[in-house]
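Encoded as structure tokens, the structure appears first; notes follow it.
Since every read-out is calculated from the coordinates, none of them should be taken as a lab result. Because the structure is predicted, anything quoted here is derived from the model rather than measured. Using ideal geometry, Cβ is built from the backbone for each residue, glycine included, and neighbour counts are taken over all protein chains shown.
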Amino acid sequence: MSQHPMPPGGLPSGEASRPSPPSSSSPHFAPLIQPDLADLYSRRAARLRMLAEGHDQADYLRLAARVAEVQASLLPEAGGSGPTGAMLQQGHWGFLLDRLIERLAPDVPAPVATHLAALRDLPEKERLCTAQALTMGRFDAVPAAIAPFLWAALSLQRASAVRAAPVPGSGPAEHASCPLCGSAPVASLILTGDRQGLRYLHCALCESAWHMVRAQCTNCGAAAELDYLSFDTTEATVRAESCGVCHGYLKVISLERDRHAEAVADDLATLALDHAVTAEGYQRTGFNPFALPA
Ligand SMILES: [Zn+2]
Ligand SMILES: [Zn+2]
């Protein structure tokens, strides 16, 4: 890979010269979106199963799909009643984790079942420490084999809680991390429909999405040294937006190019792109709950 990592298609897409998306002053504009969780989990599961076809990580993509399905099935138990709801119910994620393990266990391969059983039997104190490490971004403190399941329970609780609370007013500031829960994004999405062409960052924890103008670095805000990298054509659905100023990158996933694309699913199915871009010296500025950094 030379200046642009992925020949033959790894060229800048001319992002800055594209026609302007609808103005953020349009009546459909919202600085913050909270997708309906049942719909989101169901779209994510379907997309993961679709992307698993012929994929060399097919089993893992199907496991992630099953996790999303179980998260959906647990929504009625996720709570989140008013501003002092599930967000403040310390330990409710622990209840959700037990339910998640119970429902996943019959459907997973034997090695995964072993990890689930270990997680189920983790002493309360240790479980709490592990969860705290995860939410504080100390991913290296948590075994990779159990982290995605813990995260799924924590995320389900937080996502339900932020939807039960009033949406806070949001100023014009553009955030590198989630304005609701402080987590880093999974990826950014270019939307369609009423929000055609607008870019939102999808939160890895509370599953909300916040607006950010296109053609600027989602990490440092610089626009001068952006590059768009992909394995195939410049019209690829998933590209890495890399920044020569802060040397960070995050993927941009275009629903204009594939309306079935979904942040967590499409990001997880394109980890090979991450390997190529990090080999070029860029650091990922977000993370995927199913592929937490070591
Ligand atoms: Zn969030
Ligand atoms: Zn930057």
(message) Tell me which cysteines of the chain come out unpaired when the rule is another cysteine's Cβ under 4.7 Å.
(response) 129
(request) Please report the relative contact order for the chain, taking Cα pairs under 8 Å with a sequence separation of at least 6, and give it as a percent rounded to a whole number. (result) 24 percent
(request) Name the residue farthest towards the positive end of the dipole of region 37-164 from the options 54, 109, 122, assuming +1 on Cβ of Lys and Arg, -1 on Cβ of Asp and Glu, about the Cα centre. (result) 54
(message) Quick check on the chain: helices-only [θ] at 222 nm, where DSSP H runs of length 4 and up contribute -39,500 (n - 2.57) each and the sum goes over total residues. Nearest 500, please.
(response) -11000 deg cm²/dmol
(message) What are the ³J(HN,Hα) couplings of region 152-162, residue after residue, when phi is run through the Karplus curve with 6.51, -1.76, 1.60 and θ = phi - 60°? Round to Hz, x for glycine and proline.
(response) 4, 6, 4, 5, 4, 5, 5, 5, 5, 5, 5
(request) Tell me the label-point distance for the pair residue 59, residue 124, using the 7 Å Cα-to-Cβ offset, in nm and rounded to one decimal. (result) 3.6 nm
(request) Run the numbers on region 244-294 and let me know its relative contact order in percent, using alpha-carbon pairs under 8 Å that are six or more apart. (result) 47 percent
(request) Could you run the Debye sum over the Cα atoms of the chain, one equal point scatterer each and no solvent, and tell me log10 of I(q)/I(0) at q = 0.07, 0.08, 0.12 Å⁻¹, two decimals? (result) -0.26, -0.34, -0.77
(request) Evaluate the relative contact order of region 186-294 (contact order divided by residue number), counting alpha-carbon pairs under 8 angstrom at least 6 apart; express in whole percent. (result) 27 percent
